[in-house]
Amino acid sequence: MPDNKPYNSLSDHLKEKLGSKTVKLSVNAGFTCPNRDGKISTGGCIFCSGSGSGDFAPSAELSIAEQLRLSREKLSGKWPNAKYIAYFQAFTNTYAPIDELRKKYYEALNCEGISGIAIATRPDCIDDEILELLKEINSKTYLWVEFGLQTSDEDTAILINRGYKNEVYLSTMEKMKTAGIETVTHIILGLPYEDRQTMLNSVDFAVSAGTDGIKLQLLHIIRGTKLEALYNQKPFHIMSRDEYTDTVIECIEHLPPNVVIHRLTGDGNRNELIEPKWSMDKRGVLNEIHRKMKITNSFQGKLLK
Ligand code: SF4
């Protein structure tokens with residue numbers, strides 16, 4: 001664990017994989033989501049803001065090449081020798097006709113300085129044709145695909161209107177494994193009425209499905225979402241900063257050392273954040289996790305038998 005973190009961090013993983021400092025650049029390809037456009041539902045996941053988890057992605061009015069050029073320009077002073085990953089972040093990035101997907105992935109891939117592609121999507125949006133395209137992209141560049149599992153508790157999945165069952169995630173993960181494509185699983189900590197054991201079960205579930213990476217994200221209640229309405233009608237427990245950092249550490253201790261940790265907390269749109277307010281101090285939360293891990297001698301995989 002070269003950058004002295006007691007866990008397998010994304011920055012270390014990318015340094016090892018690509019040989020230098022690597023930065024993700026968010027891309028908004030102008031896709032939508034079947035959980036919003038009526039194919040599955042019109043409501044979306046109850047925590048999802050109108051931006052489809054792409055709060056920091058550029059405007060889809062610009063071409064992908066232009067989005068990447070502008071982002072690179074902004075960062076070139078800070079990291080002149082960095083490599084870049086084009087991160088298809090907003091909404092569901094495998095949900096479009098295959099020709100459009102191919103065109104957009106290649107547009108990113110052909111941009112100067114792009115050394116890899118990351119695609120955020122849903123496990124119910126990978127059919128055989130898309131899988132073939134992903135295999136093709138994987139043969140040309142470094143690729144990983146992210147799935148929003150959020151929880152392995154089927155009751156919570158219904159409550160949050162995730163729109164697919166765990167078995168769909170499992171079968172897609174199996175196909176990705178067979179195809180040799182790296183996967184990342186998103187899990188939200190602090191979902192309504194979940195206790196710590198339920199959250200740990202979700203982490204264990206993703207690990208047993210063979211996920212290569214994990215993103216742990218604190219639940220944010222964003223203004224105007226269905227989650228905000230639920231919270232107002234039937235308030236649920238909001239994790240304190242102390243509870244959150246302890247839970248994250250226990251999750252890390254459950255993770256095998258080879259699983260890459262992409263995120264330990266979340267970025268939200270601070271102007272729209274209802275709760276938890278303490279999460280706005282992202283740097284402080286990360287420092288707290290590192291500090292606690294140090295004093296308790298904690299490390300990734302500590303609780304594995
Ligand atoms: S799948 Fe993603 S984009 Fe679609 S509603 Fe859920 S969080 Fe939003």
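One line per residue, one yes/no per condition, for (1) assigned to a loop (DSSP other than H, G, I, E, B); (2) at pLDDT 95 or above; (3) surrounded by 14 or more Cβ atoms within 10 Å (Cβ to Cβ):
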| site | (1), (2), (3) |
| --- | --- |
| Pro256 | yes, yes, no |
| Asn271 | yes, no, no |
| Ile289 | no, yes, yes |
| Lys302 | yes, yes, yes |
| Lys305 | yes, no, no |
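Does segment 32-48 contain any residue that is hydroxyl-bearing (Ser, Thr, Tyr), within 16 Å of the ligand (Cβ to nearest atom), over 20 Å from the mean Cα position of the chain (by Cα) and part of a loop (DSSP other than H, G, I, E, B)?
Yes, the conditions are met somewhere in segment 32-48.
How many residues are among the acidic types (Asp, Glu) and within 16 Å of the ligand (Cβ to nearest atom) when one looks only at segment 96-115?
The qualifying residues number 0.
Restricting attention to segment 126-163, which residues are buried (at least 22 other Cβ atoms within 10 Å of the Cβ) and of a type in the set (D, E, K, R)?
Residues satisfying the conditions are Glu146, Arg162.
Taking segment 108-125, which residues are buried (at least 18 other Cβ atoms within 10 Å of the Cβ) and in a helix (DSSP H, G or I)?
Within segment 108-125, Ala108, Pro123, Asp124, Cys125 qualify.
For segment 71-90, state whether one or more residues are modelled with pLDDT under 95, crowded, with 16+ Cβ neighbours inside 10 Å, under 14 Å from Gly113 (Cβ atoms) and polar (S, T, N, Q).
For segment 71-90, residues modelled with pLDDT under 95, crowded, with 16+ Cβ neighbours inside 10 Å, under 14 Å from Gly113 (Cβ atoms) and polar (S, T, N, Q): present.
Do you know which residues across segment 60-70 are surrounded by fewer than 23 Cβ atoms within 10 Å (Cβ to Cβ) and more than 16 Å from the ligand (Cβ to nearest atom)?
Glu61, Leu62, Ser63, Ala65, Glu66, Arg69, Leu70
Against the conditions (1) modelled with pLDDT under 95; (2) surrounded by fewer than 18 Cβ atoms within 10 Å (Cβ to Cβ), where does Gly52 fall short? Just the number, please.
Just one mismatch for Gly52, condition (2).
Considering Ala57, Ala118, which residue is within 16 Å of the ligand (Cβ to nearest atom) and either modelled with pLDDT under 95 or of a type in the set (D, E, K, R) (or both)?
The unique qualifying residue is Ala57.
The values are calculated or read from the model by the stated rules, or taken from the named source; none is laboratory data. Because the structure is a prediction, the values reported are computed rather than measured. Glycine gets a Cβ as well: all are built from the backbone with ideal geometry, and neighbour counts include every protein chain shown.
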